[in-house]
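These notes concern the structure reproduced below.
The values are calculated or read from the model by the stated rules, or taken from the named source; none is laboratory data. All values reported here derive from a predicted model rather than from experimental measurement. Positions of Cβ are backbone-derived with ideal geometry, glycine not excepted, and every protein chain shown enters the neighbour counts. The accessibility values were calculated without ligands, DNA or RNA, using every heavy atom of the protein model including side chains. Shrake-Rupley method; radii C 1.70, N 1.55, O 1.52, S 1.80 Å.
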Amino acid sequence: MTGSVTLSLAGLHSALLPLLDGWPLAVVGLDLDEKIILWNRTAEQIFGWTAAETIGRFHSDFQKKSGPSLRRYLKRVMAGESQANKELRLQTRQGQLLDVNWSATPLRDNAGEPVGVLILIDDITIRKQLECAQVESERFSRAIVDALPQHIAIIDETGSIIAVNKAWRDFARANSEHPEELCEGANYLDACDVQEGEGVQEAEAYAQGIRAVMNGTLIEFSLEYACHSPISQCWFNGRVTRFSGGGPLRIVITHDNITELKLAEKAIQQLAQYDTLTRLPNRMLLQDRLGQVLAKAKRERQRAAILFLDLDRFKLINDSLGHAAGDNLLKIVAARLNDCVRKSDTVARLGGDEFIIVLPSVPQTEDVTLIAQKVLQALARPVDLEGQEVFTSTSIGIAMYPADGRDVDSLIRCADMAMYRAKETGRNKYQFFSEEMNQQMMQRLAMENGLRHALERNELQLHFQEQTELASGKITGVEVLLRWQHPELGLLAPPAFIHLAEETGLMVAIGEWVLRTACAQNRSWQESGLPPLRITVNISGRQLNHSRLVETIARILDETELSPQWLELEITENLISNNIESTLELLQQLKNLGVSLAIDDFGTGFSSLKNLKRLPIDRLKIDHSFLQGLGSSEDSTAIIKTIIGMAHNLGPRVIAEGVETNQQRDFLQEHGCDEVQGYYFSRPVPHDEFCKLLRTIRAT
Ligand code: C2E
Ligand code: MG
Ligand code: MG
């Protein structure tokens, strides 16, 4: 309503009233005194007063509650200035205030003189209420969205950020040097445009996903990604959803902060895949990495190498300096190994003192040799362990992909075999795997397998070799010597399998069988009327270290009813000299059972005289190597004489093993050796033969 209406009041009434009554707007006319001169039907309906009640009365009589704006606008119109679309609150008959859209224009007569005002009023209460409700609902939604822990942003079809929630804004402020680049007005695609550094690939995948949602290829997509800000590192699960229900395109981006979850996941992974002591990858992770290395080497037709390391004499350090020092050494070794290789190589700890190095790409064998040498040198440097300078070294076995094996397990096995060979051939060296090692290993495995069943299949036997007293010429004892009737290889003597039995721990059960069989045998000879004999049984290192040895022997003596005086246990000298203190106690316990004790292979170990004096020993057995040297080597002759002299000084009797000739016997007799054993008298023979021998001797 612009300009002013030029009309007489009477004319206005008669001409417009029928028309105005039908209008959806309230039409109110005022004269210059602001008395009401026009009040249409709609005004009656909106305000509640009839035309009859209002016409001729002051407009202000009906608007006592309305605010000062009405007065101000009215004054302006009276002054000739039209007012359009003013939002006001006007009073109704019931005293209620209505929201109205209010326009007014001056009324003039034909001469152009002001005669009053024409007011048009639109009741917008409902619209206002709806608007309010909408504002309220938006505020409410906003409060909810702001209270959510998820970071939420809404972008439009160009990627421009329209709105973000509080969590998003707070995160941007805390983690970005330019938070404004992540908030309203900025373009989100620019923020995703990471050019370099960590997370480039993820960011690229993320931006691609968003573009796909923007152009409608995707409705929604989600992605877990790490956010590498200069301030912190976080992980998010980002979800991007397209909304285009008739209105403008909106894309909602929700980021769930999964940092804590990821950190927990990482911690669990660390525990499961890394060795807690050295922080190196453990066996599990090694297998995984090695699998990947082999797959890549296969694809790219490259060679890879595996170095299997085992520290030399680690047990000694652990036992002598304690476990804490041992742990320390392992940590130092781990660090030195890491220094020897590139970042792309893997150094893992298999457990104990075993490590593995994986070299993913080895163009030439010399490259591996260089690394192996570097490792040997690095570990050769002395280590300071609690103020003590300790020297360590390692043996390295090397297996190559694809020549030695094509899968993880066989390569590790080959490298392991090569490592054993390195150890056997002198330690502190490296050794490449060869096929011959494999064959040896297969044989060993077959042997081991056979040995496991030898006892239950009754393949073990005892042979017996007499021990003769030189002075009387009488058989005073018998040594039992183990034999294995192997189904394919025939009768095997101990050197062919005893090491294996020791390594696998089978020696404990086998040794118990030998003891029981020997004792039972001796008892049965006695029962058959043969003169009582001392039976000598060899005891191995494994048996000696077994916690129940004393108990087992006592039980066997009890079960077989053999008097302990007829059982002698033979222990090699090196087993005793290796750990004198603990052996001493054990020997005393054995001695307390009433059995006698002998030191086997005497002269080959390092027993000091002082120690020998402390041992509860009945017999010293001169090692047969000295007998062989007799006559040809002055040393051997001197040693035999010394051993006999020394033993007699200290107490034990002396027996010589490996006597093959009468010269040897004579020499021993001349020098006061008490007993002898050897092929000269009898070879070790099976039970029946030995019985025959005993009977013949008795008969003579
Ligand atoms: P050892 O206890 O020193 O036994 C003496 C070894 O010398 C035996 O070898 C015997 O056959 C052999 N021998 C005997 N007289 C002569 C001779 O005049 N000349 C030569 N050159 N050798 C002679 P064998 O039976 O092969 O046993 C070898 C080793 O195996 C034994 O050495 C012993 O340490 C071990 N051993 C044998 N039986 C058992 C057993 O039941 N338990 C344990 N733990 N070890 C055993
Ligand atoms: Mg022996
Ligand atoms: Mg011996």
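The convex hull around the C-alpha trace of the chain, projected and averaged over every direction, spans 56.2 square nanometres.
Using a probe of 1.4 angstrom, how much of the accessible area of the range 466-545 is carbon and sulfur, in percent? After summing per-atom areas, the C and S share lands at 54 percent. For GluC sites (Glu not before Pro), the sites in the range 112-203 that DSSP calls loop and that have at most 14 other Cβ atoms within 10 Å are GLU157, GLU177, GLU184, GLU196, GLU198. Residues whose amide H lies under 5 Å from that of GLU660, counting only those 5 or more places away or on a different chain, are TYR680; hydrogens are built 1.01 Å from N in the peptide plane.
A probe of 1.4 angstrom, applied to the heavy atoms of all protein chains, finds TRP525 with accessible area near 10 square angstrom. Dipole check for the range 451-699: with +1 at the C-beta of Lys and Arg, -1 at the C-beta of Asp and Glu, and the Cα centre as origin, the magnitude is about 380 Debye. Contact order, relative form, for the chain: 6 percent (alpha carbon pairs under 8 Å, 6 or more residues apart, mean separation divided by residue count). Using a probe radius of 1.4 angstrom, the carbon and sulfur fraction of the accessible surface of the range 148-261 is 51%. FRET efficiency for the ILE55 to ASN187 pair, using the beta carbon distance and R₀ = 56 Å, is estimated at 0.35. Per-residue packing, averaged as other Cβ atoms within 10 Å, sorts the ranges 623-630, 185-192 into the order 623-630, 185-192, beginning with the highest. The convex hull of the Cα atoms of the range 156-267, projected and averaged over all directions, covers 7.2 nm².
Here the contact order of the range 148-261, divided by its residue count and restricted to Cα pairs under 8 Å and six or more residues apart, works out to 27 percent.
Rounded to the nearest 500, the 222 nm mean residue ellipticity of the chain from helices alone is -14000 deg cm²/dmol, with -39,500 (n - 2.57) taken per DSSP H run of at least 4 residues. Normalised by the number of residues in the range 451-699, the mean separation of alpha-carbon contacts (under 8 Å, six or more apart) gives a relative contact order of 19 percent. The residues of the chain expose, per residue, 51 Å² of accessible area to a 1.4 Å probe. Relative to the longest principal Cα axis of the chain, at what angle does helix 365-380 sit, 0 to 90 degrees, rounded to 10? Result, in degrees: 80. Once you have a ≥ b ≥ c as the square roots of the Cα gyration tensor eigenvalues for the range 591-700, tell me rounded if a/c is under 1.5, and otherwise prolate or oblate according to whether a/b is larger than b/c. In terms of gyration-tensor shape, oblate. Loop-located trypsin sites (Lys or Arg not before Pro) across the range 33-126 with a Cβ neighbour count of 11 or fewer within 10 Å are LYS64, with loop assigned by DSSP.
Annotation: the antiparallel percentage among DSSP beta bridges lying fully within the chain is about 75.
Amide H to amide H, with H built 1.01 Å from N, ARG57 comes under 5 Å of ILE36, counting only residues 5 or more places away or on other chains. Please report how far the C-alpha centroid of the range 566-589 lies from that of the range 360-408, rounded to the nearest whole angstrom. First find each Cα centre; the distance between them is then 38 Å.
For helix 166-175, report the angle its Cα long axis makes with the longest principal axis of the Cα atoms of the chain; keep it between 0 and 90° and round to the nearest 10°. Value to nearest ten degrees: 50.
Here each label is just a point 7 Å from Cα along the line to Cβ, and for LEU271 and GLU551 those points are 3.6 nm apart. With all protein chains in place and a 1.4 Å probe, the accessible surface of the range 300-362 carries 48 percent carbon and sulfur. Amide H to amide H, with H built 1.01 Å from N, ASP109 comes under 5 Å of LEU7, VAL115, counting only residues 5 or more places away or on other chains. Sorting 663-671, 337-345 by average packing, meaning the other beta carbons within 10 Å per residue, from highest down gives 663-671, 337-345. Among the listed pairs LYS262/LYS315; LYS331/LYS613; LYS474/LYS641, those with a Cα-Cα distance over 32 Å are LYS262/LYS315; LYS331/LYS613. Protection proxy ranking, highest mean first, for peptides 17-26, 595-604, 419-428: 595-604, 419-428, 17-26, where packing is the per-residue count of other beta-carbon atoms within 10 Å, averaged. Qualifying GluC sites (Glu not before Pro) in the range 555-660, where qualification requires a DSSP coil assignment and no more than 11 other C-beta atoms within 10 Å, comprise GLU561.
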